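The block underneath contains the structure these notes are about, expressed in structure tokens.
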Amino acid sequence: MAFTGIDEAIAAYLRRSGKTQAELAEELGMSENTLSWKRRRKREFKLSEVIRIAEVTGCSLDEMVPKEEG
């Protein structure tokens with residue numbers, strides 16, 4: 001399954017797992033507010049955070065990061 005971005009992968013994981021955003025944020029070692037800001041693109045995810053999200057959600061980096069066309 002290909003996602004169009006990190007937020008879509010996170011949303012699918014939360015639906016599938018029945019976890020809340022707060023529970024995921026705790027697993028990732030960040031506050032719920034920080035995760036929310038990053039999901040809404042008010043702040044950027046660090047590469048290490050993207051890798052950790054991939055590990056927790058079971059998604060590959062290729063699924064979460066859209067490829068640029070051109």
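Quick look at the values:
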| item | result |
| --- | --- |
| Top-ranked residue in region 1-28 [being out of contact with any Asp or Glu (no Cβ under 9 Å at 6 or more places or on another chain), exposed (fewer than 12 other Cβ atoms within 10 Å of the Cβ) and assigned to a loop (DSSP other than H, G, I, E, B); ranked as modelled with the highest pLDDT] | 18 |
| Residue count, region 29-70 (criterion: at pLDDT 90 or above, assigned to a loop (DSSP other than H, G, I, E, B) and small (Gly, Ala, Ser)) | 2 |
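The values are calculated or read from the model by the stated rules, or taken from the named source; none is laboratory data. Keep in mind it's a predicted model, so treat the numbers as computed, not measured. So basically every Cβ, Gly included, is an ideal-geometry build from the backbone, and we count neighbours across all protein chains shown.
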